[in-house]
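Down below is the structure, laid out as structure tokens.
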């Protein structure tokens, strides 16, 4: 029996992170306490979180050198995205494979940089501010996904996970166009979920940041509060919420 396939569509960003006592004001320079480079992006983070959730895997041991089996436990996770032919593009392929994610759906765009995100983290609050460039991700067009098979490397995926880091046309999220982000309050959770259910989606999950998540299907709906944790850095927070 062929494994079930989850296709994750989204950005792959190289994160350049500066941690300082506070965020600089306009025209001000502040000495950072720490500088970190990491691979991230909503798409890449979600793909790894999806694999770990489906396979009940803890954080990958950095000492591991063998790639995980891509199809064990009957679930295959495919990353659909684009990277440049720069220093980060190849690193994404290696890191995603090491974490069990199939990268056959990642396109390397010649003469193009990978997406880069500059992150400023305030040490005391661990809140961040981000600036990013789309890089290779900007080369995507909705025509690249004219049928479902394009999302699963030739096979129709059983589930698609998408983020708004790429354009609304590409992620086919026009249903949310025109909604103000502040409109997603408790009174509107159910109404938003019903829009998706009415279009044939079987299970809907709305992530709510610090408030947790709201889920709905044909039989049930409920609000799931978020766990209280000590925040170290909000970069990438919430990307496993739909899982």
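No lab work stands behind these numbers, since they all come straight from the coordinates. Because the structure is a prediction, the values reported are computed rather than measured. No Cβ is skipped: glycine too gets one built from the backbone with ideal geometry, and neighbour counts run over all protein chains shown.
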For an R0 of 25 angstrom, estimate the FRET efficiency from the Cβ-Cβ distance between residue 29 and residue 138 and round to the nearest 0.05.
0.25
Place a point 7 Å from the Cα of residue 55 in the direction of its beta carbon; the residues of segment 73-105 whose amide N falls under 15 Å from it are 73-79, 94-104
